[in-house]
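Below: one structure, written as structure tokens.
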Amino acid sequence: MNISTSIPARMRGLNRAEICDVNFGEFVHRWDGSAESKPAPGEAILDGSALDAESFRELFESQLVSRHLDLMARVLRVRNKVFYTIGSSGHEGNAMVARLTRHTDPAFLHYRSGAFMAERFRKLPGMDPVMDSALSLAACKDDPISGGRHKVWGSRPLWVLPQTSTIASHLPKALGTAIAIETGRRMGHALPIPDDSIAICSFGDASANHATAQTAFNAAAWTAYQKLPAPVLFVCEDNGIGISVKTPGGWIGNRFRNMDGLDYFAADGLDLAGGYADVQRAVEHCRRTRRPTFLHLRTTRIMGHAGTDFEIEWRSMEELCAVEATDPLLRSATIALQSGLMSKGEVLELYEATRKRCFAAADEADRRPKLDRLSDVIAPLAPYTPAAVKAEAERADFGERRLEVFGSQARLPENQPPRHLSIQINNALHDIFAKYPETLLFGEDVAQKGGVYTVTRGLQKAFGPRRVFNTLLDETMILGMAQGFANVGLLPLPEIQYLAYFHNACDQLRGEAASLQFFSNDQFRNPMVVRIAGLGYQRGFGGHFHNDNSITALRDIPGLVVGCPSRGDDAVTMLRTLTALARVDGRVAVFLEPIALYMTKDLHEPGDGGWLTSYPPPGEAMAIGEGRVYQPQDANGDDLVILTYGNGVPMSLRAARTIEQQFGWKSRVVDLRWLVPLDERFIMESAHGAQRIIVVDEGRRSAGVGEGVITALIEGGLGGTPLRRVVGVDTYTPLAGAALLVIPGEDDIVAAAAALANSET
Ligand SMILES: Cc1ncc(C[n+]2csc(CCOP(=O)(O)OP(=O)(O)O)c2C)c(N)n1
Ligand SMILES: [Mg+2]
């Protein structure tokens, strides 16, 4: 039956949501087709359809639940009882994907997944998709997935991981999860889901163009090309538009139909009876072949992008009416009537009953408590149980395994002479791998070569290619993969080769990994320790990108912990603590390794070995926030306190000697070691009693660590103490000797001391 494109008088003044609502009722009333005889529950809903009658009935109900949640949200948004109106209308066919997959197949969903969710809720008894959605829409504390922090589709028991609003950012971790299912199984890791699970990942047609999506498609194809399994089902819900920009006709099919390594299937998501078999084929293909699978699901968009999108202002009425005529619920109503499964009265009754259910749930949600205390809001952001982390970090019950790994008692690293930073990190990684069979290390060149600086040398040989491997050259995917491994209970230690290259993948930590505990109310965790080599002072090598000193991008990622060692023994105990933090509290951490110190052996004079350290045996760890204080001999160092980190530490220790010679001041040098969060108490304690303070920050002037340190000092009451900052210039780092003009040097520290001395005369 055709829908007229002219607006009847009784519909004038209605918004498009109301019109779609009215359309449904009128469509059913006016339906004049002939009904077949009612099918039995197991019988095909229509001749030739792969969908049986009972399945159709349930899918139709799920579609209606989704639609009425949308309509309810539109009505109650204006009354300020609901806070989100991006709906699922037109996409209700995605219920088929839910029906044909399992509730243990991890799902990373498009924001138009109301019907998928309603259908997946059937997979476990006693769950109510309407109430859960209502609680989320109304930002209630009892919202089972995010605790009122965001309107997200998600459920812990149903393995639906909540997603942020950043389109396409979930594709890398979905692929990562698919790869992790296979890797975990092959590692002998006890997966929390069945071994033949697949990862489901849905997104829109416009989002398919995004770099982060393309990254995942490419990595999926790269994986399949090598005949490695990656059972991910990409579901592109193609409604032909992204907000107001139309996708060129046929683009998605054209782009993906013949993509090597991505097996393409198409299904009509507007027609349950017709589309079901095709969705089934795609799902079965993915599960059976373990290959990346692309399901191109035809959808439409009813009621605009969101409640605030008044399409009538930018589209013609004819076009709008034509789109509304493709409403999949009209098709489902037709199937229900034509098959003889339901009478008109039954269809309308179900429609109205579902509306009532949604409004009743919204009423209930309105009465439920909201987040009204800051402490409640941030409770799941950065869970931290220091005693348990300490106990785990100090746990040393893997002596036998490490003997195997290192070869003999004599070869244990604590029985070796003092060594430099890169060797001690390498030893620490061997120990962590011996202690935790679930750890994996991956990145660019980390395997046979052992990384650009040989920090990971020997790990692959010791622990095998399943646990230590090279990835493709793509930082977004490295971090996406890390999230995937973490999602199935593994403990990833991804490596980013240079700090500069973290920046093009930053959102995978900022928007994704670090936000998961917050948006899932700590029900999902993706613990990881990301090793990033960085910072300046590499003499004779690099220029900007190999000497990037911009720590700013890491500084304000909520919930993130960043440690930056300046010497080998600290690196070991810090890595132990960060790994334990990941294991115990599920946290995301970054270990920023100063490249220029990797091989540094001497401190004051060539050959003095002053920067070599012994290996702390298992059992020792460092508390987060705890810095190291270098106290001068025979003095408390109150004359001058130098607060610094990373390369600044040996530099400041050298400068302190010169300062003593020139000004007679005995200085205390403080290595912060933990850059995020800054430990304000430690900063205050270590600066206590200072006559003068210098903050040495090798990062950039703007938004660098130094700003935080100085703020802590002033807020802590030391604002009156004479203070200087020695900090990098806000510029890109140039090549060769010119680099040293833009980052702090020992001379600059001495000059700052001179300035302090001058100001006293
Ligand atoms: C990275 C990013 N850029 C821009 C946006 C704003 N935005 C939200 S939805 C959207 C359109 C997405 O269209 P499509 O992928 O086709 O999904 P649809 O809404 O049509 O289902 C845009 C541009 C965003 N959320 N994230
Ligand atoms: Mg779209």
Report summary line: The extension gain from residue 506 to residue 317, computed as 0.36 nm times the residue separation minus the Cα-Cα distance, is 63.8 nm
Query raised in the report: Quick one: length gained pulling residue 367 to residue 703 fully straight, 0.36 nm per residue minus the C-alpha distance?
Result: 116.7 nm
Query raised in the report: Based on the alpha-carbon gyration tensor of the stretch 421-546 and its eigenvalue square roots a ≥ b ≥ c, which shape applies: rounded if a/c is under 1.5, prolate if not and a/b is larger than b/c, or oblate?
Result: oblate
Report task. Can you bin the stretch 592-732 into rounded, prolate or oblate? Criterion: square roots of the alpha carbon gyration tensor eigenvalues sorted a ≥ b ≥ c, rounded for a/c under 1.5, prolate for a/b above b/c, oblate for the rest. Result -> rounded
Query - Two-site FRET efficiency, residue 308 against residue 259, from Cβ-Cβ distance with R₀ of 41 Å, rounded to 0.05 - result: 0.70
Report task. Would you work out if the stretch 50-180 is rounded, prolate or oblate? Take a ≥ b ≥ c from the square roots of the eigenvalues of the alpha-carbon gyration tensor; rounded if a/c is under 1.5, else prolate when a/b is larger than b/c, oblate otherwise. Result -> oblate
Report summary line: Residue separation between residue 47 and residue 30 times 0.36 nm, minus their alpha-carbon distance, gives in nm 3.8 nm
Query raised in the report: Any idea how far apart residue 127 and residue 243 come out in nm if each label point goes 7 Å out from Cα toward Cβ?
Result: 3.3 nm
Report summary line: Most exposed first, judged by fewest Cβ atoms within 10 angstrom, 681, 701, 555, 120 run 681, 701, 555, 120
Query raised in the report: Taking neighbour counts of Cβ atoms within 10 Å as a proxy for exposure, in what order, fewest first, do 289, 85 appear?
Result: 289, 85
Report task. Would you work out the charge dipole size for the chain about its Cα centre, treating the Cβ of every Lys and Arg as +1 and the Cβ of every Asp and Glu as -1, and quote it to the nearest 20 debye? Result -> 600 debye
Query raised in the report: Kirkwood hydrodynamic radius for the stretch 71-139: how many Å is it when counted over pairs of different Cα atoms?
Result: 12.8 Å
**Report entry** Between 0 and 90°, nearest 10: helix 421-435 axis offset from the chain longest Cα axis
**Finding:** 50 degrees
Query - Residue among 307, 144, 750 farthest towards the positive dipole end of the chain, charges placed on Cβ - result: 144
Requested in this report: Over every pair of different alpha-carbon atoms in the stretch 552-656, take the mean of 1/r and invert it; report that Kirkwood radius in Å.
Outcome: 15.4 Å
Query raised in the report: How many percent of Cα pairs in the chain exceed 52 Å?
Result: 23 percent
Report summary line: Distance in nm between residue 395 and residue 466 label points, each 7 Å along Cα→Cβ, equals 2.1 nm
Report summary line: Of 527-536, 662-671, ordering from highest average Cβ density within 10 Å down gives 527-536, 662-671
Query raised in the report: Using a basic spin-label model with each label point 7 Å from the Cα along Cα→Cβ, how many nm lie between residue 18 and residue 539?
Result: 7.8 nm
Query raised in the report: Calculated FRET efficiency, residue 661 and residue 211, Cβ-Cβ r, R0 45 Å, to nearest 0.05?
Result: 0.25
Requested in this report: Go ahead and estimate [θ] at 222 nm for the chain from helices alone: -39,500 (n - 2.57) per DSSP H run with n ≥ 4, summed, over the residue count, rounded to 500.
Outcome: -12000 deg cm²/dmol
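Here, each number is a calculation from the coordinates, and none is a lab measurement. All values derive from a computational prediction rather than experimental measurement. Using ideal geometry, Cβ is built from the backbone for each residue, glycine included, and neighbour counts are taken over all protein chains shown.
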